[in-house]
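Heads up, the thing below is written out as structure tokens.
The values are calculated or read from the model by the stated rules, or taken from the named source; none is laboratory data. Just so it is clear, the structure is predicted and the values come from calculations on it, not from any experiment. Cβ: placed from backbone, ideal geometry, glycine included. Neighbour counts: every protein chain shown.
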Amino acid sequence: MSNQQLSKHRHISFTAHYTGYIWYQMGISHPLFATSKGKTLAMIAHPIESWGEKYVGGSMRTTLKQRHTMLDERLAELIEQSPNLQVLEIAAGLSPRGWWFRQHYPLIDYRELDLPGMAKTKQAALKQIDHKSPDVLSVDLFTADFKKAFEVFDPQRPLVVISEGLINYFTKELLQQLIQSIAHYGQDFNSLHYLTDLYPEPVKNKLAKVIWNSSKLLKVMSRSAFTFHFVTPEQVRNFIYQAGFQKVDVIQPRVYFNTDSTEYNTEEHLGDLVWMIDAQR
């Protein structure tokens, strides 16, 4: 792939080092996915993150755990329904998800995809952990090359495309293009799900801006533009319907992790900093 073909979003890999290290700190990842760059970023952000957790009740770290847990549990449910499931994780970064699921569900075909630099880093780590692990795919999500990632799978089997910590870095136009591409390239599969997290406009959380200040350093260092596009679940659903999906579930942590009998209006923004999306075609 030529440099001209690479998208302008290669800098996102920078923040992947941070999230990779946080997952390692949480005890849900492998030491080989924890890089020195990630450790440095985590140390820089730690004082602000700790302050947010103590005085605000949340931080970037807490949203990382929420979204990772929700996505993992939903993916596990889909595998229970279809033990021969195929999974394509786009912009996989240093996430332990592919490694973990391949260990626990040997019948699935789980492939990871990222831009060349991160794909090389991830593949080197995976090969040290398990020399049988499949190669990490490397294509640009915003070129025709993206289609090639779908061609490695069997259309007679169901497919799940999954992303985490990705889509808020894109403009609304690019996000629509990405979801349209997933719906289009996945349309001939036995069934298709797109699982992703999404950060809504933090309008209901009075102190959300304080929390987001803790991520500004990462934004500056990675030259990335973290943007919010949606305020209500209905806005999210309509946007994804337009891209070609027929069913869209928007899951908010306040409902998902609810341990009492409190009833919530799930059509409202309930104040969570991150949501999970399960789109089906």
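See the values below:
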| read-out | value |
| --- | --- |
| Filter pass, residue 113 being hydrophobic (A, V, I, L, M, F, W, C) and in contact with a helix residue (DSSP H, G or I) (Cβ under 9 Å, 6 or more places away or on another chain) | yes |
| Only one of 250, 231 that is touching a Phe, Trp or Tyr at 6+ places or on another chain (Cβ under 9 Å), without any contact (Cβ under 8 Å) to a residue 60 or more places away in the chain and surrounded by 15 or more Cβ atoms within 10 Å (Cβ to Cβ) | 250 |
| Matching option when the condition is closer than 24 Å to residue 194 by Cβ, over 18 Å from the mean Cα position of the chain (by Cα), of a type in the set (Ser, Thr, Tyr) and modelled with pLDDT of 95 or more, among 105, 110 | 105 |
| Residue selected from segment 133-147 under the condition in contact with a Lys or Arg (Cβ under 9 Å, 6 or more places away or on another chain) and without any contact (Cβ under 8 Å) to a residue 60 or more places away in the chain, by the criterion nearest to residue 186 (Cα to Cα) | 137 |
| Enumeration of residues in segment 228-262 that are assigned to a loop (DSSP other than H, G, I, E, B) and within 14 Å of residue 180 (Cα to Cα) | 243, 244, 245, 246 |
| Among residues of segment 245-263, those that are within 20 Å of the chain's Cα centre (by Cα) and of a type outside the set (A, V, I, L, M, F, W, C), counted | 6 |
| Unique residue being in contact with a helix residue (DSSP H, G or I) (Cβ under 7 Å, 6 or more places away or on another chain), surrounded by 16 or more Cβ atoms within 10 Å (Cβ to Cβ) and modelled with pLDDT of 95 or more when the list is 133, 181 | 181 |
| Check on residue 271, at pLDDT 95 or above and either surrounded by fewer than 13 Cβ atoms within 10 Å (Cβ to Cβ) or not in a strand (DSSP E or B) (or both) | no |
| Of all residues making up segment 107-130, the number that are of a type in the set (Val, Ile, Thr), in a helix (DSSP H, G or I) and surrounded by 20 or more Cβ atoms within 10 Å (Cβ to Cβ) | 1 |
